[in-house]
Each structure stands twice: as C-alpha cells, then as structure tokens.
Amino acid sequence: MSVFEGKHILLGVTGSIAAYKAADIASKLTQAGAEVDVVLTEHARHFVTEVTFRAITRRPVLTDLFDEPEERQIAHIHLAKRADVLLVAPATANILAKLAAGIADDLLTTLALATHARLVIAPAMNTVMWEHPATQSNVRTLDARGALFVYPAEGMLACGDVGAGKLADTPTILQAVERVLNPPLKGVRVLVTAGPTEEPIDAVRHISNPSSGKMGYAIAEEAVRQGAGVTLVTGPTLLEPPAGAQTVSVRTAQEMLEACLQVYDDVDVVIATAAVSDYRPAEVWHGKRKKGDEEWTIRLVPNPDILRTLGERKGSRILVGFAAETADLLQNAQHKLCEKNLDLIVANDVSQEGSGFRTDTNRVTFLWADGTQTNLPLMSKREVAQRLLEALRERLFQR
C-alpha cells in the first residue's frame, strides 16, 4: 500500500512561473491515494486556475480566507486540523518571508499558523532572490522550526538567468513528503550528548572548554525530524533546546554520566558529541576564593570516562563517539574507537579553519570499526548530521 493512501495533503501554490508544475504534483499525490486540497494564493492565480486543480483532485480549490466549501466548517481551521502535511510548492521569496515572520494575511499563511502538520517547502525563484541574505535568513528560521526544504535545482531559469532557483522535480518533492509521512528513524531511540561540561573550582570559577554544543544539537534536531525518539543530555550552552527532544541539562561530567545511564537501557543508538572535561579539581573551594599574592595550586583528578563506561555495557546498541584532535587525527581517532568499543568515530581536526569549536561548519571523517572510512568535505553541521544519520540508518537496519 502506498504511504500516501488515505493521507490528507494541503498543497499551497504561490505566484511563481513554476506554479504550473504544481498540477503534476497534485496529480501524482492523488494517483497515489492521497486526498489533496489545493490552496492558491492571489498571485498564483495569475499563472494557474482553480479549474485545473479541481479536475485533478476532484476536490474544491480554495483561494480566499473566507471560503467555506463545507457547510458549518471554518475552512482554515478544519483543513489545518485534518492535514498530515502542508506542502508549499512552488514557494516564492515572498511566502518564505511571510512564513518566517508568522504573517497570516491570506488563507495559505493562516493555515500555516493553524496547523500542527509538518511543513514541506519547495522554493522556486530567481537566483539572486534565492541567494539574497534576507531569503537565506528566512530559510534558516523555518529550518530551525522544523520545516523540511526541498532545495531548488540549478539550471536555466524562466528569466534567462542560469543558477539555483528552479523548482525541484516532482519525484524529489514527493520523496520529501513521503519522508515526513514515513520517517526513516521512526521507532528508533537515540541518546545524544552535547556541549561542554564544567568542573567547579570554587563558587565562581570552573574548568571547561569552548564547545558550543552546535554539532550535538544539530544531530538531535535532525534525528527528531527523521522520527526518532531523542534524549539530549547537554552541558551548559546558549542554544535553544531542540523541539521534540527530551532535553536533560547537566553541568559536570559525573552528572552527564548519571543522566546517560538513566536512559541507556532504553536506547538503540548513542551519539556522544559532548566535550567532556577529562579532569576535575580534587577539592572545591567553599564560596569564592579571594585573590591574594600567594600561589594557588589546584590538584586535578580524572573524571569518569563516559564513553568507555557506555562501551563496556554496549550490548546491541550502536555507539558513536567524536574525536576532536589537533594532531595525528586518524591515528588518535582509531585508538579511541578501539579503546572505547565504539562502532563509529567521527574525527575532526579542530585546528583547521571552519572545523573548530563554535563554528557553524565542520569537516569530518567517519571511521567504522570494520575499517570503512568516509571523508566528508567542509559542510554545515546540519549537513554533517544528515550524513551521519544516513550512514547510521544503513547499519541500524542491517542489524
């Protein structure tokens, strides 16, 4: 049976020259068994008509916020509650700005605010408009809220320009909708550790590191999007907790270990990105130690090794570690992989530009326990998260 069978899809069509391609999208969804309600914006009607979509979907086509095709039903509330997916294809720069700002001045934007359905967006516009900082900022905002983007393809545009901006093809868009309806990690339970730990010296001082938590948070967010049940155990960061993840905030390495062990029996995959302090002060000064002329010697003792502890009781779980190195990257990562009984280690040289702490990008190498190695180029941490989870899915379902 098709994953689309019996599903309710809201298809928003906006004022792009690519609007005619939405007819093919509506047709393919309908043929696959979905119930498709098409919403045309005012500008979309300059390119396509209600008659086309009504014939394809055999459903009323909505254009106005005050349309009520079903008696005694407020359309934007009724449709919003029934929807399984809100697909906007094509999506113009204008609709991206409205969705990002939460503007609700027509039926489509009002539906977007009134529905709990997952938002899938397939942009189409001129290359310069797509690359404009305002548009890219709106894309990042919507992406952070959980929208799934089907990014535009490159090629000759209707205006004659060549570049990114073409609406993605119908099969690619349908694959994105299918991924939302049938998440690839549905039923998988994932534990992610992220951020730094802090080991107190006194009431106002501590030992820590510059980890921002961005890599771990990106993995947690992407795992949620792919349908996994996610627990995020995080040290102190300035990041917003990922929507849909169970977030446990800790401070010290000992607290992080205890939080991990509390959920460990119930998870299938552990992805440990946290930069855990290797040592902690043997004694913590009560209150704040005042500055003086004398030396202050602080004796450090080892912290518990979280990854080794989890590796010793791994069982059938997949255990992933990260190795942030400044020299002998692959040798050090390989040693850590074996020593801590990991299935995979993600190695990155934090001394390289774009790959260190607090950056939005990373350049990593996947080292598997079976000797397989994959080198990834510099890419965003969200893209690294996607590639990592894709690789883990293959191994997970092989098991």
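The values are calculated or read from the model by the stated rules, or taken from the named source; none is laboratory data. Note that this is a predicted model, so its numbers are computed, not measured. Every residue, glycine as well, gets a Cβ built from its backbone with ideal geometry; the counts of neighbours run over all protein chains shown.
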Looking at V38, is it crowded, with 22+ Cβ neighbours inside 10 Å, in the same structural domain as S137 (by TED's automatic domain parsing), touching a helix residue (DSSP H, G or I) at 6+ places or on another chain (Cβ under 6 Å) and modelled with pLDDT under 95? no
If you go through the range 363-376 one residue at a time, do you hit one that is under 16 Å from I219 (Cβ atoms) and of a type in the set (G, A, S)? no
Scope the range 83-107; condition part of a helix (DSSP H, G or I) and either small (G, A, S) or under 15 Å from L62 (Cα atoms) (or both); matching residues: A93, A97, A100, A101, L107
Which strands (runs of 3 or more DSSP E) does the range 226-341 wholly contain that include 3 or more residues that are surrounded by 16 or more Cβ atoms within 10 Å (Cβ to Cβ) and hydrophobic (A, V, I, L, M, F, W, C)? 229-234, 269-272, 318-325
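Kindly provide the set of residues from the range 18-33 that are hydroxyl-bearing (S, T, Y) and closer than 25 Å to E154 by Cβ, ordered by number.
Hit for the range 18-33 is Y20, nothing else.
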Quick check on the range 349-360. Is at least one of its residues touching a Lys or Arg at 6+ places or on another chain (Cβ under 8 Å), over 24 Å from T197 (Cα atoms) and part of a loop (DSSP other than H, G, I, E, B)? no
If I filter the range 198-212 for residues that are buried (at least 20 other Cβ atoms within 10 Å of the Cβ) and in contact with a His (Cβ under 9 Å, 6 or more places away or on another chain), do I get at least one hit? yes
From the option list T297, T273, T326, single residue qualifying as under 22 Å from E199 (Cα atoms), in contact (Cβ under 8 Å) with a residue 24 or more places away in the chain and of a type in the set (S, T, Y) is T273
Which one of the conditions (1) modelled with pLDDT under 90; (2) under 23 Å from M256 (Cβ atoms); (3) hydrophobic (A, V, I, L, M, F, W, C) does A164 fail to meet, given that it meets all the rest? (2)
When you check D293 against the structure, is it closer than 30 Å to L342 by Cα, modelled with pLDDT under 95 and not basic (K, R), yes or no? no
Determine if the range 167-189 includes at least one residue that is over 27 Å from A32 (Cβ atoms) and either of a type in the set (V, I, T) or buried (at least 22 other Cβ atoms within 10 Å of the Cβ) (or both). no
In the range 14-49, anything hydrophobic (A, V, I, L, M, F, W, C), assigned to a loop (DSSP other than H, G, I, E, B) and closer than 14 Å to V177 by Cβ is listed as A32, A34
Filtering the range 9-33 down to residues that are buried (at least 24 other Cβ atoms within 10 Å of the Cβ) and in contact with a His (Cβ under 7 Å, 6 or more places away or on another chain) yields T14
Does the range 129-145 hold any residues that are in contact with a helix residue (DSSP H, G or I) (Cβ under 6 Å, 6 or more places away or on another chain) and farther than 19 Å from A223 by Cα, and which are they? M129, T135, N138
Under 20 Å from the mean Cα position of the chain (by Cα), assigned by TED's automatic domain parsing to the domain that holds S212, part of a helix (DSSP H, G or I) and of a type outside the set (G, A, S): does that describe V346? no
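Rundown of residues vs (1) over 19 Å from V180 (Cβ atoms); (2) buried (at least 22 other Cβ atoms within 10 Å of the Cβ); (3) in contact with a Lys or Arg (Cβ under 9 Å, 6 or more places away or on another chain), yes/no style:
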residue	(1), (2), (3)
K81	no, no, no
L86	no, yes, yes
A91	no, yes, no
A97	yes, no, no
G102	yes, no, no
P133	yes, no, no
S137	yes, no, no
Any chance you could count how many residues in the range 113-131 are surrounded by fewer than 17 Cβ atoms within 10 Å (Cβ to Cβ) and within 18 Å of E383 (Cα to Cα)? 0
Taking V384, is it free of Cβ contacts under 8 Å to residues at least 24 places away in the same chain and surrounded by 18 or more Cβ atoms within 10 Å (Cβ to Cβ)? no
In the set T372, T361, T326, T273, which member is at pLDDT below 95, in contact with a helix residue (DSSP H, G or I) (Cβ under 7 Å, 6 or more places away or on another chain) and among the hydroxyl-bearing types (S, T, Y)? T361
Unmet requirement for H78, which otherwise passes all of (1) touching a helix residue (DSSP H, G or I) at 6+ places or on another chain (Cβ under 8 Å); (2) modelled with pLDDT under 95; (3) closer than 19 Å to L119 by Cα: (1)
